[in-house]
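> Please find one structure pasted underneath; my questions will follow.
The values are calculated or read from the model by the stated rules, or taken from the named source; none is laboratory data. Quantities reported herein were computed from a predicted structural model and do not represent experimental measurements. Note that we place each Cβ from the backbone using ideal geometry, even for glycine, and neighbour counts take in every protein chain shown.
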Amino acid sequence: MNKNPDRNMEKAAVNTSVQICGITFKNPVMTASGTFGSGEEYSELVDLNRLGAVVTKGVANVPWPGNPTPRVAEVYGGMLNAVGLQNPGIELFCKRDIPFLRRFDTRIIVNVCGKSAADYCEVVERLANEPVDMLEINISCPNVKEGGIAFGQDPKAVEAITSEVKKRAAQPVIMKLSPNVTDITEIARAAEAGGADALSLINTLTGMKIDIERRTFVLANKTGGLSGPAIHPIAVRMVYQVAQTVSLPIIGMGGIVTAEDAIEMILAGATAVSVGTANFMDVHAAEKAADGIEDYLRRHGIADVRELVGALL
Amino acid sequence: MNKNPDRNMEKAAVNTSVQICGITFKNPVMTASGTFGSGEEYSELVDLNRLGAVVTKGVANVPWPGNPTPRVAEVYGGMLNAVGLQNPGIELFCKRDIPFLRRFDTRIIVNVCGKSAADYCEVVERLANEPVDMLEINISCPNVKEGGIAFGQDPKAVEAITSEVKKRAAQPVIMKLSPNVTDITEIARAAEAGGADALSLINTLTGMKIDIERRTFVLANKTGGLSGPAIHPIAVRMVYQVAQTVSLPIIGMGGIVTAEDAIEMILAGATAVSVGTANFMDVHAAEKAADGIEDYLRRHGIADVRELVGALL
Amino acid sequence: MANKWEGQALVRKQAQIGDGIFDLTLQADEIAARARAGQFVSLYCRDGARILPRPVSLCEINAGEGTIRLVYRVAGKGTKEFSGLREGDAVRVLGPLGNGFSFRGKSAFLIGGGIGIPPMLELAKELNEKEPQTEHKMILGYRSERFLLEDFRAQGEVFVATEDGSAGTKGNVLDAIRENHLSADVIYACGPMPMLRALKAYAQENRMECFLSLEERMACGIGACLACVCKTKETDPHTNVRNKRICKEGPVFDAGEVELS
Amino acid sequence: MANKWEGQALVRKQAQIGDGIFDLTLQADEIAARARAGQFVSLYCRDGARILPRPVSLCEINAGEGTIRLVYRVAGKGTKEFSGLREGDAVRVLGPLGNGFSFRGKSAFLIGGGIGIPPMLELAKELNEKEPQTEHKMILGYRSERFLLEDFRAQGEVFVATEDGSAGTKGNVLDAIRENHLSADVIYACGPMPMLRALKAYAQENRMECFLSLEERMACGIGACLACVCKTKETDPHTNVRNKRICKEGPVFDAGEVELS
């Protein structure tokens, strides 16, 4: 008896698809930039067709060698990284990574990094005729000297770079925001004023780990970006604040490990979510999150995931 | 053979005492405000004489009832709290809590909270003739509508309130800083400009947890302060940044659970450290941290803990 | 001796006795020697991702054996971890915590609802021991599935209420009291807030003393952090405001002194 | 079949074989069927506070039994957790990972230093099997205490160097090579960076081929996150910059192609 409703819900179709800027994603679960490459390495173990989108590792106008090693350190409930946006450059990326991802039934969001407005614009223009669905502009990487977070912490710079990018972008533009700010709603408003089509938040929080036995910094870069479940409550709070402030769709990320974490983010105002560091904890984390959201909808008799978006606002 | 050096070090005296503003603390381990009350409840289980200092729960000019419940929520590797600085008011505090703490051989640091500059000043003046060693001014509590973090995120307000308090304080003044800022060094410089004698950092990071089954906020206050091991790498980074920026002594806190965590903070520039949320994980956490620092000094043949302070700067 | 003990306790046995309900016996001599009905202990998780102790009420205290019995419901990852404990495992525990029930020497209702039922068992045992001549009745409210029923019947007269009517009175504990025309001078109760509110009102109408064991999310569990407070009629001498610490002044309160939200 | 397998592996046995050195055998048929010398696996911790997998090199692969043998040193909380695994426990594992050693059909030195010693055992076994007629010598460098020595002796001629001279040549592996006037065409080595640097130089002087297994802090372990890279002489076709992924193109590299910092 008790189980019948569930059984019926199993049969009942639930909608897990969401729309952002008129683009439909089969489910709200994406991969966070920098944790999933361009999907090739994970495709051995993960069915990319189960994902709403693959968000690629950041790509610049030219190849970047990244930072010296060690580039990562584990911390309590999370990790620090200072990879420094190593990437093969946009040319090889367009020749190799995009065609690879096109083989799968999932959306393609290209994360774009740069050291100057011109860098970002060059990449965005190069992508104009490429078969990618959206662009995510990384103005919040804490691990590069120029560009990155330098832009992301200054509202004027955020608005300026957003409008520069928008002028040249053929695809909808997502601005990825840094949590290392006093008031993230101010940054979000600046991105909106600059014409952003959507927002991604949060990027990593700047952290540091010291090896007390060797009495040295664990990361060659001294500081790195803190990610993983440790930062999830901060990410949920910021998504909630931004969702109340701007009318742009939000892709929520930051410490999402399980479907429960993802649903928290959606209830707080995210239309979609990205699974990042959790891919290192379990190669199937993103697939499981997608499955878990579907299970949750069935269990609660909710026909459409979109009913959950911002339900707590 | 192998063990002999250790044995010798056991016998060798190591100095664990540190000085802040000319006051000597028997060791660098304190209790973080709000996690230890005024020590009375813990004294049943913990030897307060083993601690460098007890930093009391914040006290205001009048009793505060605090926030509605639930006031706490566990999160991955940490917790959220929105107690809202419930306190019995300065009069009862002076009559009961200070005499209690005087019975122990440990330093007394009184954490002061307020909703306005006048509130802080009233408490500071009331304490002028009380036998307490230092004052810690809490301008960074995220859980009260007025005062608290509102002051702590604005450099001008920090400088102003610091100088107001300093005018009236009979004891050295520690300003406790919020990590919810774009640039904590700017806030630290403001406190220094205002005449602060020392700095405490970090207070909690604002976070949120949602109960997806009930589809509601876990905390009655919606948001709360994130503390615990999850935030330690952020705290170490901020202590390191501030130690490079100002010449004030720093009391480092944020996710310290073990002696290793404490030593990281000291190497990054903290003269002393506070154990907070870890008291909930293990009532003996602070004692163990003090013991562990001593063991570390012996193991590494370091005669004086002060050799470690800021050793990585 | 100190009032509280903290350390590793050996698991004597654990069994599942209901849907998500587990029955755990720990060897904790120092706690068993100090504890009394209505108090609780803090259990600490092994998994470092879960940093706060879980408060669990004492279902039975056996000072002679030096054991404590904890009957709890799996409500989250922490209690799920505890449910995996096997004989011979160790678990870190702190207790006894809280005030416990006070004895009034009068006829009493011992009322438990859902996972508030277990602590009433130790209370029944202590009342039988300390007040053999006073009459008390146990009224237990379940959703449907019963647990601990035999243990309670061994302590005296038991009345059952089930929401689905699968046993005893269909309805709640007050329905059972009325249906069976029960009366007493004192109410001791533990259970969900709606039940406690109803019992407070019922006690006032019938001029009964009423002692309620309250629940709230806790952090330190010993009264230092002020997380688990409840509103009170009068200003509390310790907090100096109108609330009391459930983990310290409570969890058992005179219904008259607290405001049940 | 897929190249990698992820899942729960059963612990067949574990023993401590040295000061902080543990010898763990896992039932992992799919990994044993695919793996070869020089590859590694990722082990995942149970404790949620530790989120990253630990890379551990394969000491032995038994495709017949479907088991893999891991010999590791307790270096932190993660490996400490692994050292507590007992027969019958399950541990989540991903592998095999990395490229492994390539066989050159020439006389070889198999050189291991410290915790770099274990992977050379599987290499010795595979060389004996695949290149029975080629001569190879094993040179093992220990600080002081020896481990796995009998296993290596079963595979052929073994030379030992100890820093404290408590056995074999006093000094490092190169001292042992010189003292025993050893020669070969190829070097296969795994161990601390100073040893690898010295071997690279030695191989150049003596015109030997040299293959080194490198270590670096890893995150994903499969080549996606670009955490564990090493500098290379030439631009790598995948990264398009002058570095390679140790977990993917490595951990074994031709000494000539990498720059050892």
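> Select from the range B:197-222 the residues that are more than 16 Å from A:Ala235 (Cβ to Cβ), of a type outside the set (A, V, I, L, M, F, W, C) and in contact (Cβ under 8 Å) with a residue 24 or more places away in the chain and list them in ascending order.
B:Asp197, B:Ser200, B:Asn203, B:Asn221
> Let me ask something additional. Which residue pairs have Cβ atoms closer than 9 Å, lie 6 or more positions apart in sequence or on different chains, and pair a first residue in the range A:276-287 that is in contact (Cβ under 8 Å) with a residue 40 or more places away in the chain and within 7 Å of chain D (Cβ to nearest Cβ) with a second residue that is among the basic types (Lys, Arg) and surrounded by fewer than 24 Cβ atoms within 10 Å (Cβ to Cβ)?
Close Cβ pairs (under 9 Å, with a partner that is among the basic types (Lys, Arg) and surrounded by fewer than 24 Cβ atoms within 10 Å (Cβ to Cβ)) amount to A:Val283/D:Lys4.
> Can you find even one residue in the range D:202-212 that is outside any strand (DSSP E or B), within 14 Å of chain A (Cβ to nearest Cβ) and at pLDDT 95 or above?
The answer is no, given that none of the residues of the range D:202-212 is outside any strand (DSSP E or B), within 14 Å of chain A (Cβ to nearest Cβ) and at pLDDT 95 or above.
> Further question: When the residues of the range C:229-246 are filtered to those that are closer than 14 Å to B:Gly37 by Cα and more than 7 Å from chain B (Cβ to nearest Cβ), which remaining residue is farthest from the chain's Cα centre (by Cα)?
Among them, the one singled out is C:His238.
> What strands (runs of 3 or more DSSP E), lying completely within the range B:169-236, carry at least 3 residues that are within 13 Å of another protein chain (Cβ to nearest Cβ)? Give the steps one after another, and end with the answer.
Numbers: elements: B:173-176, B:198-201, B:205-208, B:223-227.
Once the strands (runs of 3 or more DSSP E) in the range B:169-236 are filtered for at least 3 residues that are within 13 Å of another protein chain (Cβ to nearest Cβ), what remains is B:205-208, B:223-227.
> Hey, any hits in the range A:70-79 for a residue that's more than 17 Å from the chain's Cα centre (by Cα) and away from chain B (no Cβ under 14 Å)? Lay out the reasoning, then the answer.
We begin by selecting, within the range A:70-79, every residue more than 17 Å from the chain's Cα centre (by Cα); these are A:70-77.
Narrowing the set further to residues that are away from chain B (no Cβ under 14 Å) leaves A:70-71.
Yes: one or more hits.
> Please tell me if D:Cys225 is hydrophobic (A, V, I, L, M, F, W, C), more than 22 Å from D:Glu126 (Cβ to Cβ), surrounded by 17 or more Cβ atoms within 10 Å (Cβ to Cβ) and at pLDDT 95 or above. Talk me through it step by step, then tell me what you get.
Numbers: hydrophobic (A, V, I, L, M, F, W, C): yes; more than 22 Å from D:Glu126 (Cβ to Cβ): yes; surrounded by 17 or more Cβ atoms within 10 Å (Cβ to Cβ): yes; at pLDDT 95 or above: yes.
Judged against the criteria, D:Cys225 is a match.
> I'm trying to understand the selection: among the residues of the range D:1-16, which are exposed (fewer than 14 other Cβ atoms within 10 Å of the Cβ) and more than 14 Å from chain A (Cβ to nearest Cβ)?
Across the range D:1-16, the qualifying residues are D:Ala15, D:Gln16.
> Moving on to the next point. How many residues does the range C:156-182 contain that are free of Cβ contacts under 8 Å to residues at least 60 places away in the same chain and either closer than 20 Å to C:Gly256 by Cα or assigned to a loop (DSSP other than H, G, I, E, B) (or both)?
Of the residues in the range C:156-182, the ones free of Cβ contacts under 8 Å to residues at least 60 places away in the same chain are C:156-172, C:174-176, C:178-181.
If we keep only those that are either closer than 20 Å to C:Gly256 by Cα or assigned to a loop (DSSP other than H, G, I, E, B) (or both) too, we end up with C:156-157, C:163-168, C:171-172, C:174, C:180-181.
Looking only at that region, the number is 13.
> Here's another thing I want to ask about it. Being outside any loop (DSSP other than H, G, I, E, B) and in contact with a Pro (Cβ under 8 Å, 6 or more places away or on another chain) is the filter here; which residues of the range A:43-70 pass it? Spell out how you get there, then give the answer.
First, the residues of the range A:43-70 that are outside any loop (DSSP other than H, G, I, E, B): A:43-44, A:48-50, A:53-55, A:59, A:64.
Once the filter is applied, which keeps residues that are outside any loop (DSSP other than H, G, I, E, B) and in contact with a Pro (Cβ under 8 Å, 6 or more places away or on another chain), the range A:43-70 yields only A:Val59.
> In a helix (DSSP H, G or I), modelled with pLDDT of 95 or more and of a type in the set (A, V, I, L, M, F, W, C), is that true of C:Ala124?
Values: in a helix (DSSP H, G or I): yes; modelled with pLDDT of 95 or more: yes; of a type in the set (A, V, I, L, M, F, W, C): yes.
Against the criterion (in a helix (DSSP H, G or I), modelled with pLDDT of 95 or more and of a type in the set (A, V, I, L, M, F, W, C)), C:Ala124 qualifies.
> Still on this structure, I have one more. State yes or no: is D:Glu234 touching a residue at least 12 places away in the same chain (Cβ under 8 Å) and closer than 22 Å to A:Pro65 by Cα?
Here the answer is yes, as D:Glu234 does meet what is asked.
> What tally of residues in the range D:224-236 results from selecting those that are out of contact with any Leu (no Cβ under 9 Å at 6 or more places or on another chain) and under 21 Å from D:Phe101 (Cα atoms)?
Matching residues across the range D:224-236 total 5.
> Determine, yes or no, whether B:Ser247 is assigned to a strand (DSSP E or B), more than 10 Å from chain A (Cβ to nearest Cβ) and among the hydroxyl-bearing types (Ser, Thr, Tyr).
no
> Looking only at the range B:56-84, filter to residues that are in contact (Cβ under 8 Å) with a residue 60 or more places away in the chain and β-branched (Val, Ile, Thr); which one of those is nearest to B:Ile231 (Cα to Cα)?
It comes out as B:Val75.
> Taking the range D:231-248, which residues are crowded, with 20+ Cβ neighbours inside 10 Å and outside any loop (DSSP other than H, G, I, E, B)?
The answer is D:Asn243, D:Lys244, D:Arg245.
> Additional query: I'd like to know if the range C:213-222 contains one or more residues that are away from chain B (no Cβ under 14 Å) and not in a loop (DSSP other than H, G, I, E, B).
Scanning the range C:213-222, I find at least one residue that is away from chain B (no Cβ under 14 Å) and not in a loop (DSSP other than H, G, I, E, B), so the answer is yes.
> Checking the condition within 9 Å of chain A (Cβ to nearest Cβ), closer than 19 Å to A:Arg215 by Cα and more than 16 Å from the chain's Cα centre (by Cα), which residue from B:Ala311, B:Ala303 passes? Give the steps one after another, and end with the answer.
Values: B:Ala303 fails: within 9 Å of chain A (Cβ to nearest Cβ).
Being within 9 Å of chain A (Cβ to nearest Cβ), closer than 19 Å to A:Arg215 by Cα and more than 16 Å from the chain's Cα centre (by Cα) holds for just one of B:Ala311, B:Ala303, which is B:Ala311.
> Here is a check on your reading of the model: is A:Glu91 at the interface with another protein chain (Cβ under 10 Å from one of its Cβ atoms) and within 19 Å of A:Ala169 (Cβ to Cβ)?
Details: at the interface with another protein chain (Cβ under 10 Å from one of its Cβ atoms): yes; within 19 Å of A:Ala169 (Cβ to Cβ): yes.
The answer is yes for A:Glu91.
> Here is a further query. Within the group A:Gly194, A:Gly225, which residue is small (Gly, Ala, Ser) and in contact (Cβ under 8 Å) with a residue 40 or more places away in the chain? Full working, then the answer.
Numbers: A:Gly194 fails: in contact (Cβ under 8 Å) with a residue 40 or more places away in the chain.
After ruling out the rest, the residue left standing is A:Gly225.
> Take D:Ser144 and decide whether it is hydroxyl-bearing (Ser, Thr, Tyr) and within 30 Å of A:Pro229 (Cβ to Cβ).
Criteria not met by D:Ser144.
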